[in-house]
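Here the structure is laid out as structure tokens; the discussion comes afterwards.
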Amino acid sequence: MTKVRVRFAPSPTGALHIGGIRTALYNYLFAKKHGGTFILRIEDTDQGRFVPGAEEYIIEALNWVGLTPEEGPGFGGEFGPYRQSERKEIYHKYAHELVGLGNAYYAFDTPESLEALRSAEANFTYNHTVRDGLDNSLNKGMEYAEKRIAAGDAYVIRLKVTPGETVHIPDLVRGDVMVQSSELDDKVLLKADGMPTYHLANIVDDHLMEITHVIRGEEWLPSAAHHVLLYQRFGWTDTMPKFAHLPLILKPVGNGKLSKRDGAKFGMPVFPLDWKGQSEEEFFQGFREAGFIPDAVVNFLALLGWHPGDDQEIFTREELISAFSVEHIGKSGARFDFEKAKWFNHKYIQDLGDAELMNFVKPLVQAKGYKVSDEYLQKALAMMKERVTFLSDFVEEAYYLFEPVRKYDEESIAKKWNTNLGPFFAGLKDILVTFEPFSSLSLEDMTKKMMLESGFKPGEILPMLRIALVGTMKGPAVFDTAELLGREETISRVDSFLQHVQAN
RNA sequence: GGUCCGUUCGUCUAGGGGUUAGGACACAUCCCUUUCACGGAUGAAACACGGGUUCGAUUCCCGUACGGACUACCA
């Protein structure tokens, strides 16, 4: 059995969106599952759409989610170069070889003239029914073509599709997909600028790189017939890779596939990492910056269009690899459900060990300028971890664990505060100065005893103590918070609260 | 328009000729908790429609409807 080799082949035309990450993930899982090789190939044959920084973004994004290629630009490998722009001569050679075989031809029609034909006739396509009336070597002969090429005229090479064949696309997800060759147009293989189109480049590269399985988005299914035809014309059918066309990721609401604009529209990230384009319009938030754990994103994505066959939802990387199979990839488009993504992240944060969690949160804490010990931070995280959805919540929602209360929940104060409480809190404050041990349990004990003696109910005191310490009615147990904050800070916050409340 | 692909709770999906059609997210109620969460329990919620085939179809076949992708010298 030949070794499994799969490739992820993005085009560096901007940020790699989350659907691309899923495609990469499925390729990666498939490779790992079968002890194969996961390859990155950069499809930069469109010089007009090249975006600086896009390739770096792709690689950084793959690294972030832990889908590091074993071969690719900067990753080594025996089948390079892995950037298509660096393989120009190879495509040139194969395109001309196909012409020699009589399976492709030179065409001189300009983009403008074809555009004119298209606007004149709505359904115009460059195919077997019209090519005889156009400007190409099929129509006007090889001699004519060679003369024009020698004269330096621009030309493209087109695939010569012969009608009357049934093209079978063996698809691991959809079975045997059939297309009549008469429906197919004579696709451009080599462009006038000497670069190949996707169709030529991906066949030549997959063949040369000994790719065994092509796992890509469903948007490629319509052109897959051309690709099969190309394998046939080159005489490579024996080693033609198996195809698996993945279902699309759809918009959260409405119709159509998820697009980059949907992020801003629905207030959620659709990219792995922040992307900063030229204009403000071209800024897109990333899952990383939104406070996601990469493994949570991977887990979420894995289940978006694939199912393990049982009821398991949470998977380690290893479990994902061993459970993965193309047979369980779904056929229909999957709606992007951000609520589910949030749940995965929340779940992952809860299940993460404190030390590991600290690695994620520490940079956020430092970015805010908070200076706390690892010990303090670890305790704070342990207290908060089941209450947060995003990593950033640790420093946003729970800012009060790192700095004084910014804002009191006035509504709760209005409801619960009355001046009779003043002496109680003043008394509590005095006791706190020397109270030992300053621990959650004994603090609670002491306070309860005080309430008993003074006749106040817990419902009167505790909510106000909470507001005093953290400003809000949400959050960890109030005495745990006091213990973490420590004696000095606790007293200071009770003091500030008293001043605030008496000022009003 | 043409070609191709698809259609099970609101969403992600399991299942598959005879099932109380299963799980998860979200939602609701309750318990736990004098906060918020976590956790637990319960609930509401689906086989697009019409024809076949069959003793029996949500499952197989054919249509219809609806949705989607593609339709460039873009990938």
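Paramagnetic label reach from A:PHE266 (point 7 Å along Cα→Cβ; backbone nitrogen cut-off under 20 Å): within segment A:329-345, residues A:330-345. If only the Cβ of Lys and Arg carry +1 and only the Cβ of Asp and Glu carry -1, the dipole of segment A:410-503 around its Cα centre is close to 300 debye. Near A:ILE461: Cβ cut-off under 11 Å, other residues only, Lys/Arg at +1 and Asp/Glu at -1. The net charge is +3. Would any residue of segment A:169-207 have its amide N under 14 Å from a label point 7 Å out along Cα→Cβ of A:GLN47? List them or say none. Answer for segment A:169-207: A:191-197.
Within segment A:218-274, the ratio Rg/Rh, alpha carbon atoms throughout and Rh by Kirkwood, equals 1.21.
Given a Förster distance of 41 angstrom, what is the FRET efficiency for A:THR13 paired with A:ILE314, based on the Cβ-Cβ distance and rounded to 0.05? My answer for the efficiency is 0.75. Extension gain for A:ARG406-A:THR237 works out to 53.9 nm (0.36 nm per residue, less the C-alpha to C-alpha distance). Relative to the longest principal axis of the Cα atoms of chain A, helix A:18-33 runs at roughly 80 degrees. Distance between the 7 Å Cα→Cβ label points at A:ASN420 and A:LEU498: 1.9 nm.
Each of A:GLN350, A:GLY19, A:ALA468 was scored by the projection of its Cα onto the charge dipole of chain A, and the greatest displacement toward the positive side belongs to A:ALA468; charges sit on the C-beta of Lys, Arg, Asp and Glu. Of the residues A:ILE491, A:ASN136, A:SER279, the one whose Cα sits farthest toward the positive end of the charge dipole of chain A, with +1 on the Cβ of Lys and Arg and -1 on the Cβ of Asp and Glu, is A:ILE491. Each Lys and Arg Cβ is given +1 and each Asp and Glu Cβ -1; about its Cα centre, chain A then shows a dipole of about 440 debye. Rounded is the label for segment A:410-503. Its Cα gyration tensor axes, ordered a ≥ b ≥ c, give a/c under 1.5. What number, in percent, do you get for the relative contact order of segment A:435-504 if the mean sequence gap of Cα pairs under 8 Å and at least 6 apart is divided by its residue count? Relative contact order for segment A:435-504 comes out at 36 percent.
If a/c stays under 1.5 just call it rounded; otherwise compare a/b with b/c (prolate if a/b is bigger, oblate if not). Do that for segment A:82-181, with a ≥ b ≥ c from the square roots of the Cα gyration tensor eigenvalues. Taking the square roots of the gyration eigenvalues as a ≥ b ≥ c, segment A:82-181 is oblate. A straight Cα-to-Cα reach below 16 Å connects A:LYS457 with the aspartates and glutamates A:GLU444, A:ASP445, residues fewer than 8 places away in its own chain not being considered. For A:ALA104, nonlocal amide neighbours, meaning residues 5 or more places apart or on other chains whose placed amide H falls under 5 Å from its own, are A:VAL99, A:LYS160. Only helical runs count toward this figure. For chain A, summing -39,500 (n - 2.57) over DSSP H runs of n ≥ 4 and dividing by all residues gives -13500 deg cm²/dmol at 222 nm. Between A:LEU101 and A:GLU356, the FRET efficiency from the beta-carbon distance, with R0 = 56 Å, is close to 0.45.
The stretch between A:SER454 and A:GLU339 holds 36.7 nm of extra length on full extension. This uses 0.36 nm per residue minus the Cα-Cα distance. Cα convex hull, segment A:58-119: 174 Å³ per residue, rounded to a whole number.
Here segment A:1-156 is treated with +1 on each Lys and Arg Cβ and -1 on each Asp and Glu Cβ, and its dipole about the Cα centre works out to around 680 debye.
The Cβ shell under 14 Å around A:GLU70 holds other residues with a net charge of +2, Lys and Arg each +1, Asp and Glu each -1. Legend: Rg and Dmax of segment A:85-246, from Cα coordinates, 16.0, 48 Å. Label-to-label distance for A:HIS168 and A:ALA192 is 4.0 nm, based on points extended 7 Å past Cα in the beta-carbon direction.
Measuring how big chain A is from its alpha-carbon positions, Rg and Dmax come out at 31.7, 110 Å. Annotation: extensible slack from A:SER325 through A:GLU488 equals 52.9 nm (criterion: 0.36 nm per residue apart, minus Cα-Cα distance). Extending 7 Å from Cα along the Cβ direction at A:LYS368 and again at A:SER392 yields two label points whose distance is 1.3 nm. Atom-type composition of the exposed protein surface of segment A:207-263 places 53 percent of the accessible area on carbon and sulfur (1.4 angstrom probe). Where does the charge balance sit around A:MET178 when Lys and Arg score +1, Asp and Glu -1, over other residues with C-beta under 15 Å from its C-beta? For residues surrounding A:MET178, the net value is -3. Tell me, Kirkwood radius of segment A:353-398 from alpha-carbon pair distances, in Å? Hydrodynamic radius (Kirkwood, Cα pairs) of segment A:353-398 is 10.4 Å. Among the listed pairs A:LYS88/A:LYS187; A:LYS368/A:LYS415; A:LYS340/A:LYS368, those with a Cα-Cα distance over 24 Å are A:LYS368/A:LYS415; A:LYS340/A:LYS368. Taking the charge dipole of segment A:353-398 about its Cα centre, with +1 at Lys and Arg Cβ atoms and -1 at Asp and Glu Cβ atoms, the residue from A:GLN378, A:THR389, A:GLN366 reaching farthest to the positive side is A:GLN366.
Taking Cα atoms only, the orientation of helix A:440-454 departs from the longest principal axis of chain A by about 40 degrees.
Restricting the trypsin sites (Lys or Arg not before Pro) of segment A:314-351 to loop positions (DSSP other than H, G, I, E, B) with no more than 14 neighbouring Cβ atoms within 10 Å leaves A:LYS331. For A:PHE8, the residues whose amide H sits under 5 Å from its own are A:ILE39, A:LEU40, A:ARG41, ignoring neighbours fewer than 5 places away on the same chain, with H placed 1.01 Å from N. How far is helix A:88-100 tilted off the main Cα axis of chain A, in degrees rounded to 10, range 0 to 90? Helix A:88-100 and the main axis of chain A meet at about 40 degrees.
The values are calculated or read from the model by the stated rules, or taken from the named source; none is laboratory data. Since we're looking at a predicted model, the values are computed, not measured. Note: ideal-geometry Cβ built from the backbone for every residue, glycine included; neighbour counts use all protein chains shown. Accessible surface areas use protein heavy atoms only, side chains included; no ligands, DNA or RNA. Shrake-Rupley method; radii C 1.70, N 1.55, O 1.52, S 1.80 Å.
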